[in-house]
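Asks: Quick one: the structure is below, questions incoming.
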Amino acid sequence: MRIFDTLSGERKELKQPKKFGIFPKPLNLFVCGPTVYDHPHIGNARTFVFFDMFVKYLRSQGFKIFYLQNITNVDDKIIQRAIDEKTTWDTIAKRYEASFMDYNRRLGITSVDTFARSTEFIPQVIAQVKTLIKKGHAYMIDGDGWYFDLKTFPGYGKLSRRTMEQAETSAEQGTSRVDNSNQKRNAGDFCLWKFTKVASNESQVASNAEPSWETDLGAGRPGWHIEDTATTEHFFGPQYDIHGGALDLKFPHHEAELTQQEAASGKSPFVNFWMHAGFLTVSGAKMSKSTGNFITIDDLLKKMSADEFRMMLFMHHYRQPLDFSEQTIKMAKDALHYFRVRIQSVKNNAKDESIEKEFQEAMDDDFNTPLAIATLRKSNDIGLIIKGFESIGININPKIPANVLQLVQKRELSRASKQFAQSDALRMQIEQLGYVVEDTPAGPLVLLAENPKFEIRNPK
């Protein structure tokens, strides 16, 4: 399998690591997880469902993978929400972590081995910051925190292909969340450890909203970027196989991760593969609550099933932009319907090794799912179609409950005896159970019913 690596700009071969003694050593994969200050949206869903598909496919091909995802449960956005709601930071974090886990379940995301909360790795954060201080990469701003000095790391910008000067001239991008101090040495310097605010007029609400740990670095909390590398170094060491995430994290977040980890360890590369999932727009525009085209996962699952959303992702290459619109929703629904009908209607089922080879070659070429689905459309190999979709987590052949099948058989008897009123009543019973029957020359086809619809607004 060849995977496109953002750092090198090339497709590189992904190999299973050599065995450690008699045991296979797994590939280590880390994907940036959510910052739990609000419910996740469909842009988050694209990233997390894609990597679930990716891991499931690799495991279906015999790869051993340890999939780690972090949960950022200490962050400026969490603190601000806690202040706004007059509650504590951990109340907000726990609420939205529970929401995130529930949506994972509803979207069929089951491949993650370990979720790691940032607050569970404070000692590792402190140790990594101390290493950076000792090596001369960090400096302190009184009353603010410890910062990474970008001029001490000549490789800064190699992932996002930005020079130091470009980073300095895009201060709005070079800074992020807790690192917008006007006393920084360089505009792009980022915070490693943020000191707790100390003010005589600070309210009790604000005090409860901001977490703090007493350390010899000073009382405070982690910066955004250091949370991830401290966690991955704990699980994987200073170097590992694959780092994934959404494209909008490439700069500054992933660039900062690479910088601080390679500076701390003195080892390069930090990871062998950087994988970035493309942007998701809504009706051709960036999601925005103000324009009314912001889609939550609740909205998504009212419009289409988890399998239909997964089919939408399968029909588009993971690195390319994906527009969530009525047209792409219909295409995904139609494709899922087509294959579900096909596996019930094909009579001349035969193993098709040439198509199976084409499918695997497409998937092995940087997860080229549009080509892979095109090969499945050509196949009469029902086993291959089912296996292909199951390998990325799409249930193309859902098991029909026995009570539904019994109603279908009764309806067929009613139709045969021209008892059409009874036949219609049985159809309604079937639909009330969440299934529909399509009458075809080959016999009745039983399919999952459509989800309720909602309107996608076009931005003004």
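Read the figures in this text as sums done on the coordinates, not as results from a lab. The structure presented is a predicted model; accordingly, all values stated were derived computationally and were not measured. Positions of Cβ are generated from backbone atoms using ideal geometry, with glycine treated the same way; all protein chains shown enter the neighbour counts.
Asks: Going highest first, how would you order 251-257, 145-151 by mean Cβ packing within 10 Å?
Replies: Packing order, densest peptide first, comes out as 251-257, 145-151.
Asks: Restricting to DSSP H runs of at least four residues, report the calculated mean residue ellipticity at 222 nm for the chain, -39500 (n - 2.57) per run over all residues, nearest 500 deg cm²/dmol.
Replies: The helix-only estimate for the chain comes to -13000 deg cm²/dmol at 222 nm.
Asks: Pairs of alpha-carbon atoms within less than 8 angstrom and 6+ residues apart define the contacts here; what relative contact order does segment 1-115 have, in percent?
Replies: Over segment 1-115, the number comes to 29 percent.
Asks: What are the aspartates and glutamates whose alpha-carbon lies under 20 Å from the alpha-carbon of Lys267, with same-chain residues fewer than 8 places away excluded?
Replies: Partners within reach: Asp5, Asp149, Glu227, Asp228, Glu233, Asp241, Glu255, Glu257.
Asks: Sticking with this structure for a sec: Compute the length gained on full extension between Asp142 and Asn403: take 0.36 nm times their separation in residues and subtract their Cα-Cα distance, giving the result in nm to one decimal.
Replies: Full extension of this stretch gives 86.9 nm more.
Asks: Take the alpha carbon gyration tensor of segment 220-372, find the square roots of its eigenvalues, order them as a ≥ b ≥ c, and report rounded if a/c is under 1.5; if not, report prolate when a/b exceeds b/c, else oblate.
Replies: Judged from the Cα gyration tensor, segment 220-372 comes out oblate (a/c at least 1.5, b/c at or above a/b).
Asks: Between Thr110 and Ala350, what is 0.36 nm times their sequence separation minus the Cα-Cα distance? Round to one decimal in nm.
Replies: Here the segment from Thr110 to Ala350 would lengthen by 83.2 nm.
Asks: Moving on. About the Cα centre, and with charges only on the beta carbon of Lys, Arg (+1) and Asp, Glu (-1), how big is the dipole of the chain? Nearest 20 debye, please.
Replies: 1100 debye
Asks: For the pair Asp298 and Phe20, what calculated FRET efficiency results from E = 1/(1 + (r/R0)^6), where r is the Cβ-Cβ distance and R0 = 41 Å, to the nearest 0.05?
Replies: Here the calculated transfer efficiency is 0.40.
Asks: Multiply the residue separation of Leu371 and Lys418 by 0.36 nm, subtract the distance between their alpha-carbon atoms, and state the gained length in nm to one decimal.
Replies: 12.3 nm
Asks: What do the square roots of 5 times the Cα gyration tensor eigenvalues come to for segment 1-149, in whole Å, largest first, as semi-axes of the equivalent ellipsoid?
Replies: 31, 24, 14
Asks: Would you mind calculating the relative contact order of the chain from Cα pairs under 8 angstrom and at least 6 residues apart, reporting the percent as a whole number?
Replies: Normalised by residue count, the contact order of the chain is 16 percent.
Asks: Further question: Could you give the distance between the Cα centres of segment 211-270 and segment 425-445, to the whole Å?
Replies: Each part's Cα centre sits 54 Å from the other's.
Asks: Using the Cα atoms of the chain, I'd like the radius of gyration and the largest Cα-Cα distance, Dmax, both in angstrom.
Replies: 25.6, 88
Asks: Please figure out what share of the DSSP beta bridges in segment 211-287 is antiparallel and state it in percent, rounded to the nearest 5.
Replies: Close to 25 percent.
Asks: If you add up the charges near Ser111, with Lys and Arg at +1 and Asp and Glu at -1, over every other residue whose beta carbon is less than 14 angstrom from its beta carbon, what do you get?
Replies: My count for the surroundings of Ser111 gives +2.
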